[in-house]
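> First the structure, then my questions, so here it is.
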Amino acid sequence: MNSHAPIRLLTIDDDDRLRRSLRIYFEDSGMTVFEAANGVDGLAAFAEHQPDVALVDLNMPGMNGLEVIAELARLSPETPAIVVSGTGDLNDAVEAVHRGVWDFVTKPIVSMGALENTVRQCVDRARLKKENERYRLHLEELVELRTQEVERTRLQIIQRLGRAAEYRDNETGMHVIRMSHFSRLLALKAGMSERDAEILWQAAPMHDVGKIGIPDHILLKPGKFTPEEWAIMQTHARIGAEIIGDDPSEIMQLAALLARTHHEKWDGSGYPEGLQGEEIPLQARIVAIADVFDALTSHRPYKEAWPQDKALALIQESAGSHFDPRLVPLFMETLPDVQAIQQQYRD
């Protein structure tokens, strides 16, 4: 409401002479005044005119003032209701407060000036509350926008750092994009919530960030590693977790977990910790399938891409050894979507 606009006042009272006196006085004070002789008409006038303040008598025929005040508080709790009543009963005053009244003035009205002061104080309080609420909502919107901006920036950093690591042995870096989408599909198939699957999708690109710390002559070597080279290659899991660090963000915590555990195997023969079965976090078991499938079907400087049927056969053969045997059939069910993702994010 414009703070310079005239106050719009509604009087609800069955005393015709008092209503007339209030109208004359408050209109002379620059206010716009509406009147109602009973509670039902008062509520109708309130709905029609949307006043800034209402003066309500308690003792009226039909719908009494307490009922009117309760309804006004329900309809518009930010609009002040002031009791103007001839009853001095303390219980009525307490009940009026409980029902949402802002102030209480007794009849006969000794000073119209004092009543006007009460009206203006209540309206000023109401305006201040509205301004504070608007300011609070504005701050919440700003915080939400900043939070979204931070999350977008964090996600971009995660994706770009993951792709930077992937560029070491993949010219396009699209592997991390595809496998993160595969991971989200499989997570949903496995019963994970939309939110948790989304967080997995966001964190998965960082799973191999530790490859940044592996020398090219090992990372890009065609053929088998020597035992010494293989030991160095395995350190990328630890390096990745250390690069990501101990960040309080849920996404970054999961990214560090995936970096450390995505090479663990169901039968315990993986690395770096030799975790077995459900000791391996579910997210890492999901990423393992998505990662291996896309790696097999992607070209690398040191190998050609496998045909999809050959890669799928290996995935199925490795159920119960490398991969969680419950997840492999679920991955097979996602194949139409997996293939669509492969087409969308081709190297």
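The values are calculated or read from the model by the stated rules, or taken from the named source; none is laboratory data. Just so we're clear, the structure is a prediction, and the values are computed from it rather than from any experiment. For neighbour counting, all protein chains shown are included, and Cβ atoms are generated from backbone atoms with ideal geometry for every residue, glycine included. Areas reflect the complete protein model, heavy atoms only, side chains present, ligands, DNA and RNA absent. Shrake-Rupley method; radii C 1.70, N 1.55, O 1.52, S 1.80 Å.
> Just to confirm, what accessible area per residue do you get for the range 223-336 at 1.4 Å probe, in whole Å²?
Per residue, the range 223-336 has an accessible area of 48 Å².
> Can you work out the FRET efficiency for the pair MET112 and ARG134, with r the C-beta to C-beta distance and R0 = 22 Å, to the nearest 0.05?
0.10
> Given a 1.4 angstrom probe, I'd like the percentage of the accessible area of the range 267-307 that is carbon and sulfur, rounded to a whole number.
It is 49 percent, rounded to a whole number.
> Once neighbouring chains are kept in place and the probe is 1.4 Å, which whole percent of the accessible area of the range 3-67 is contributed by carbon and sulfur?
47 percent
> To the nearest 0.05, how large is the calculated FRET efficiency for GLN308 and TRP230 if R₀ is 22 Å and r is the Cβ-Cβ distance?
Result of the calculation: an efficiency of 0.20.
> Counting only chymotrypsin sites (Phe, Trp or Tyr not before Pro) that sit in a DSSP loop (anything but H, G, I, E, B) with at most 16 other Cβ atoms within 10 Å, what is the longest stretch of the chain containing none of them?
1-166
> With angles folded into 0 to 90 degrees, how steeply does helix 16-28 sit against the dominant principal axis of the chain? Use alpha carbons for both and round to 10.
70 degrees
> Something else: How big, on average over all directions, is the shadow cast by the Cα convex hull of the chain, in nm²?
Mean projected area for the chain: 26.4 nm², to one decimal.
> With loop defined by DSSP as not H, G, I, E or B, and exposure as at most 16 other Cβ atoms within 10 Å, which is the longest segment of the chain clear of exposed trypsin sites (Lys or Arg not before Pro)?
1-167
> Hey, which lysines would be in cross-link range of LYS221, C-alpha to C-alpha under 19 Å, not counting anything within fewer than 8 residues on its own chain?
The reachable lysines, counting only those whose Cα sits under 19 Å from LYS221, are LYS211, LYS303.
> Let me ask something additional. Within 10 Å of each candidate Cβ there may be at most 15 other Cβ atoms; applying that plus a DSSP loop requirement, which GluC sites (Glu not before Pro) in the range 33-102 survive?
Answer by residue number: GLU78.
> Angle, helix 175-189 long axis vs. longest principal axis of the chain, Cα atoms, 0 to 90°, nearest 10?
60 degrees
> Helix 250-261 sits at what angle to the longest principal axis of the chain, using alpha carbons and giving 0 to 90 degrees rounded to 10?
10 degrees
> What is the spin-label model distance, in nm, from ARG346 to ARG195 if the labels are put 7 Å beyond Cα along the C-beta direction?
Calculated label separation equals 3.9 nm.
> ARG238 to LEU145: FRET efficiency via 1/(1 + (r/R0)^6), r the Cβ-Cβ distance, R0 35 Å, to the nearest 0.05?
That gives a FRET efficiency of 0.40.
> Calculate for the chain the 222 nm mean residue ellipticity that helices alone would give, adding -39,500 (n - 2.57) per DSSP H run of length 4 or more and normalising by residue count, nearest 500 deg cm²/dmol.
-18500 deg cm²/dmol
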